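S.K.: First the structure, then my questions, so here it is.
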Amino acid sequence: MDFNIVLLPGDGIGPEVVGQAVRVLTAAAQAEGANLNFNEQLIGGCSIDKFGTALTDETLAACQAADAVLLGAVGGPKWDDPQAKVRPEQGLLGLRKGMAVFANLRPVRVHPDLISASPLKPERLAGVDMIVVRELTGGLYFGQPKGREVVDGIERAVDTLVYNEEEIRRVVRMAFKLAEQRRKKVTSVDKANVLESSRLWRKVTAEVAAEFPEIELENMLVDTAAMRLVASPANLDVLVTENMFGDILTDEASVLTGSMGMLPSASLGADGAGLFEPIHGSAPDIAGKGIANPLGTILSTALLLRYSLKLPKAAARIEQAVDQAISDGLRTVDLGGKLTSQQMTDEVIARLGS
Ligand code: ATP
Ligand code: MG
């Protein structure tokens, strides 16, 4: 089995964590008899510096042709001017659109030994194991019309929240499919008491639920969901929602764990390559020091193996090795330890099993 993987290390700590994660990915794939070919490309600030654009057509084409894409992080103070015409984040948006990855998955799980790092009370975190599915290519961030105008001396701005039923159906269906492998419950989050787009969301979600009679559907208003995430997170399993609500709720969910550096994400489409990246940013404050926590990126490679390469055993190998390393007390600096990125990665590789 041969697979082609595009690596987009990006900026800041991106190259450090991707470099380490690739060692784990290669070892885990090899253990399952798979051979990976890597093709490294630029994205974000480093691409702006070299090509004047955050994502070249060649890089996008390579990603579209690949079996999967592993990304580090983009951006940093060097490219922070909000007035600038070319910005690192444009590379990410272009990549998501270009790869047609309409669903962003963020598993949120807390290792029992890391519960003390969370801002929540320990008893609230016991048993937290959820996956948030965020619609990624529609809604308010992309809807037209969008813009600013001055009417009679008064400036106004407009954004449009638009979804069609197919855009809703495909992402909700993905959530129900995930629920089949889990605790058989989907919580769909909307604002159906005020938004027309949410009323369509609810209607289509009910239709999808009818295709999955063994899965329980719970509809929840987004304000309630924001509360539940901190008040009783262990009751949530698969949570699915539109783009902006998901943007906000995924960040809220990620701080439950108290460790940004540990959380992975996957962005998936109907078929074709998935895009895998840690949820943290480029962390300019620690870039170049070799101390970034590589586990979020390492766990992203587990998602890559599971969802794009369909190698669930290799994925489980990585997840178990990471769990074991944490159980054995191994910690990078962000978790109060002393290990460098490379040392932490060596420890994970040593626990991959044969
Ligand atoms: P972005 O705008 O790119 O999302 P951000 O402002 O959300 O960035 P991050 O770059 O994610 O911020 O960093 C936030 C804080 O978390 C920083 O202090 C950073 O050093 C720390 N951090 C982020 N990722 C890691 C990691 N993998 N290991 C250790 N610390 C990290
Ligand atoms: Mg951020």
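S.K.: Suppose the filter is within 16 Å of ligand 1 (Cβ to nearest atom) and surrounded by fewer than 24 Cβ atoms within 10 Å (Cβ to Cβ); does Val22 pass it?
M.R.: yes
S.K.: Does the stretch 244-272 hold any residues that are touching a strand residue (DSSP E or B) at 6+ places or on another chain (Cβ under 9 Å), within 13 Å of ligand 1 (Cβ to nearest atom) and within 14 Å of Gly296 (Cβ to Cβ), and which are they?
M.R.: Within the stretch 244-272, Thr250, Ser254, Thr257, Met260, Gly261, Met262, Leu263, Pro264, Ser265 qualify.
S.K.: Test Asn235 against the stated conditions and say whether it is more than 15 Å from ligand 2 (Cβ to nearest atom), free of Cβ contacts under 8 Å to residues at least 24 places away in the same chain and of a type in the set (S, T, N, Q).
M.R.: Considered against the rule, which asks whether it is more than 15 Å from ligand 2 (Cβ to nearest atom), free of Cβ contacts under 8 Å to residues at least 24 places away in the same chain and of a type in the set (S, T, N, Q), Asn235 comes out as yes.
S.K.: Restricting to the stretch 129-147, count the residues that are within 11 Å of Tyr163 (Cα to Cα) and either free of Cβ contacts under 8 Å to residues at least 12 places away in the same chain or assigned to a loop (DSSP other than H, G, I, E, B) (or both).
M.R.: Going through the stretch 129-147 one residue at a time, the tally reaches 3.
Every residue, every condition in (1) outside any helix (DSSP H, G or I); (2) within 16 Å of ligand 2 (Cβ to nearest atom), yes or no:
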residue	(1), (2)
Ile248	no, yes
Ser282	yes, yes
Asp285	yes, yes
Ile298	no, no
Tyr307	no, no
Lys313	no, no
Ile318	no, no
Gly329	yes, no
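S.K.: If I filter the stretch 213-224 down to residues being aliphatic (A, V, I, L, M) and over 18 Å from Phe176 (Cα atoms), which single residue comes out as farthest from ligand 2 (Cβ to nearest atom)?
M.R.: Ranking the qualifying residues of the stretch 213-224, first place goes to Leu221.
S.K.: OK, next. Part of a strand (DSSP E or B), touching a residue at least 24 places away in the same chain (Cβ under 8 Å) and under 30 Å from Ala61 (Cβ atoms), is that true of Ser265?
M.R.: Numbers: part of a strand (DSSP E or B): yes; touching a residue at least 24 places away in the same chain (Cβ under 8 Å): yes; under 30 Å from Ala61 (Cβ atoms): yes.
Spelling it out, Ser265 is indeed part of a strand (DSSP E or B), touching a residue at least 24 places away in the same chain (Cβ under 8 Å) and under 30 Å from Ala61 (Cβ atoms).
S.K.: Return the residue satisfying two criteria in turn: it lies in the stretch 202-232 and is of a type outside the set (Phe, Trp, Tyr), part of a loop (DSSP other than H, G, I, E, B) and touching a residue at least 12 places away in the same chain (Cβ under 8 Å), and of such residues it is nearest to Ala175 (Cα to Cα).
M.R.: Within the stretch 202-232, the match that is nearest to Ala175 (Cα to Cα) is Ile215.
S.K.: State yes or no: is Pro312 surrounded by fewer than 24 Cβ atoms within 10 Å (Cβ to Cβ) and away from ligand 1 (no atom under 11 Å from the Cβ)?
M.R.: The answer is yes for Pro312.
S.K.: Among the residues of the stretch 233-243 satisfying the criterion of being farther than 24 Å from Leu161 by Cβ and assigned to a helix (DSSP H, G or I), which is nearest to ligand 1 (Cβ to nearest atom)?
M.R.: Of everything passing the filter in the stretch 233-243, Pro233 is nearest to ligand 1 (Cβ to nearest atom).
S.K.: Here's a follow-up. Name the single residue that is farthest from ligand 1 (Cβ to nearest atom) among those in the stretch 287-296 being surrounded by 24 or more Cβ atoms within 10 Å (Cβ to Cβ) and assigned to a loop (DSSP other than H, G, I, E, B).
M.R.: Among residues in the stretch 287-296 that are surrounded by 24 or more Cβ atoms within 10 Å (Cβ to Cβ) and assigned to a loop (DSSP other than H, G, I, E, B), the one farthest from ligand 1 (Cβ to nearest atom) is Pro294.
S.K.: Among the numbered criteria (1) in a helix (DSSP H, G or I); (2) surrounded by fewer than 16 Cβ atoms within 10 Å (Cβ to Cβ); (3) among the β-branched types (Val, Ile, Thr), which one does Val150 miss?
M.R.: With respect to (1) in a helix (DSSP H, G or I); (2) surrounded by fewer than 16 Cβ atoms within 10 Å (Cβ to Cβ); (3) among the β-branched types (Val, Ile, Thr), Val150 is out only on (1).
Just so you know, all these numbers are worked out from the coordinates, no wet-lab data involved. Bear in mind that the values here come from a model prediction, so they are computed numbers and not experimental data. Glycine also receives a Cβ, built like all others from the backbone with ideal geometry; neighbour counts cover every protein chain displayed.
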